[in-house]
Amino acid sequence: MTDPSASSAAPHTSVSTHILDTSVGRPAEGVAVSLSVRAGGSSPWRDHGAGHTDADGRCKTLPALPEGTTHVRLDFVTGPYFTQQAEAQQDAPRVRDSGAFFPEVAIVFAVAPGEHYHVPLLLNPFGYSVYRGS
């Protein structure tokens, strides 16, 4: 007998992310994150999901990717986060007079069907790095 819960549908492709503020050694809470997708390198970007990072620096509201997605763009709006951090640290030296050096960070990467992509952002006021996590 065949299990009715077993589906022949293609496995979902998914993306997750989190942000660690390396300047303070803590997760970055409250950063807006948006997810855009496209099918093929010359196709236009389509908005697909959005959210904010939680107290653990994770954005848990990103939906599974639509079938046919080949490229993903994660946009992180970091400027307001850094402004809030600067105001919270009143005794810190004021070395930035023009706000965040990176007011936003955009990460574009290729995806394959059925895979999960965890893309952490390691962030500080003057630099960032990303990698494919697990």
Extreme residue, modelled with the lowest pLDDT, among residues of segment 91-134 that are in contact with an Asp or Glu (Cβ under 9 Å, 6 or more places away or on another chain) and outside any loop (DSSP other than H, G, I, E, B): ASN124
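Are any of the residues in segment 47-55 in contact with a Lys or Arg (Cβ under 8 Å, 6 or more places away or on another chain) and at pLDDT 90 or above?
First, pick out the residues of segment 47-55 that are in contact with a Lys or Arg (Cβ under 8 Å, 6 or more places away or on another chain): 51, 54.
Next cut, at pLDDT 90 or above only: 51, 54.
Within segment 47-55, one or more residues are in contact with a Lys or Arg (Cβ under 8 Å, 6 or more places away or on another chain) and at pLDDT 90 or above.
Filtering segment 110-130 down to residues that are farther than 15 Å from ARG58 by Cα and aromatic (Phe, Trp, Tyr), which residue is surrounded by the fewest Cβ atoms within 10 Å (Cβ to Cβ)? Break it down into steps so the answer makes sense when it comes.
At the first step, the residues of segment 110-130 found to be farther than 15 Å from ARG58 by Cα are 110-116, 124-129.
Subsequent filtering for residues that are aromatic (Phe, Trp, Tyr) retains 126, 128.
On the way: PHE126: 11, TYR128: 17.
Among them, the one singled out is PHE126.
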Residue satisfying all of: in segment 21-49; buried (at least 17 other Cβ atoms within 10 Å of the Cβ) and of a type in the set (A, V, I, L, M, F, W, C); farthest from ALA86 (Cα to Cα) among these: VAL37
Some residue of segment 19-41 being β-branched (Val, Ile, Thr), in a strand (DSSP E or B) and in contact with a His (Cβ under 9 Å, 6 or more places away or on another chain): yes
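The values are calculated or read from the model by the stated rules, or taken from the named source; none is laboratory data. The model shown is predicted, which means the values in this text are computed figures rather than measured ones. Note: ideal-geometry Cβ built from the backbone for every residue, glycine included; neighbour counts use all protein chains shown.
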